[in-house]
Amino acid sequence: MTHPEPTVFLHIPKCAGTSIAAAITEALGEGQCYEYGKTAPYKDYEASAFTLDKYKFIAGHLTISQIELIRGPKKIFTVVRDPVERVLSWYEFIRRNKRTTLYPWTENGDIHSFIERCCEAHRGAAVSRPMAANASELFDGMCRRLHPSATTEAALGMIEKHKILVLQQSKLDIELPRIFDWLKLPHQQLPKLNVAPSKTAYPRSVTERIRELNEEDYRLHELLLG
């Protein structure tokens, strides 16, 4: 049995997505939900995407081109965050978790060296495939997931084309009820998952470098806020 319009969550890393997916999955039941890389291996997605309309809720670190493989009409939503805050949160998450692929890059050196190692991996430096893939999270905010050009204008075009509902992480407690309404679920509080115990202050040189590397996402975020 298929659902007329499955709801798809385009989960941008470090934008409260783990908590959102967990709350919705618990409410609907795992049998109604598909989570990219968890329900089935990442490598199986493209081959099986056309069957995913049998689920009511689909979530994961997807691109819009991957979402387009799901047949039929879909409701798509995402959550965005200030790009500098997102990258710093991602870095802190890696520092706290020794099992993450990039943890070794946090052991020696500061955040500047970590960022530049990610940039080198992105440019094709000789590192393992998992490290190169995970290093791309430094740049993989909203724009790159919506269009290969990763420009603000192209991203806005895809938001309009697919009628993507964009929520602000900073206003999530206010905006989240719209998602539960879409899914015809009772409103509920989100679990606090992957939350840093405290925030670290970073020098301006760090925040400026992150903003420079995520210039298009920063422009998009400002326009969406407006």
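The values are calculated or read from the model by the stated rules, or taken from the named source; none is laboratory data. Please read all numbers here as calculations on a predicted model, not as lab measurements. So basically every Cβ, Gly included, is an ideal-geometry build from the backbone, and we count neighbours across all protein chains shown. These area figures cover heavy atoms from the full protein model, side chains too; ligands, DNA and RNA do not enter into them. Shrake-Rupley method; radii C 1.70, N 1.55, O 1.52, S 1.80 Å.
Computed quantities for the displayed model
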quantity: Evaluated at q = 0.09, 0.11 Å⁻¹: base-10 log I(q)/I(0), Debye formula over Cα of the chain; calculated: -0.37, -0.57
quantity: Over 25 Å (Cα to Cα) - which of Lys38/Lys75; Lys54/Lys98; Lys74/Lys184; Lys98/Lys199; Lys161/Lys199 fall in this group; calculated: Lys54/Lys98; Lys161/Lys199
quantity: Portion, in percent, of the accessible area of the stretch 169-222 that falls on carbon or sulfur, probe 1.4 Å; calculated: 50
quantity: Value of [θ]222 nm, deg cm²/dmol, for the chain, DSSP H segments ≥ 4, -39500 (n - 2.57) each, nearest 500; calculated: -12500 deg cm²/dmol
quantity: Degrees separating the helix 17-28 axis from the principal Cα axis of the chain, which is the longest one; calculated: 20
quantity: DSSP-assigned coil residues among GluC sites (Glu not before Pro) in the stretch 64-128, each with at most 16 further Cβ atoms within 10 Å; calculated: Glu68
quantity: Rounded to 10°, Cα long-axis angle of helix 83-96 versus longest principal axis of the chain; calculated: 80
quantity: Cα-based helix-to-principal-axis angle, 215-225 vs the chain, degrees rounded to 10; calculated: 50
quantity: DSSP loop trypsin sites (Lys or Arg not before Pro) with at most 13 other Cβ within 10 Å excluded, longest remaining stretch of the chain; calculated: 1-70
quantity: Relative contact order of the chain, pairs being alpha-carbon contacts under 8 Å that are 6 or more residues apart, as %; calculated: 27
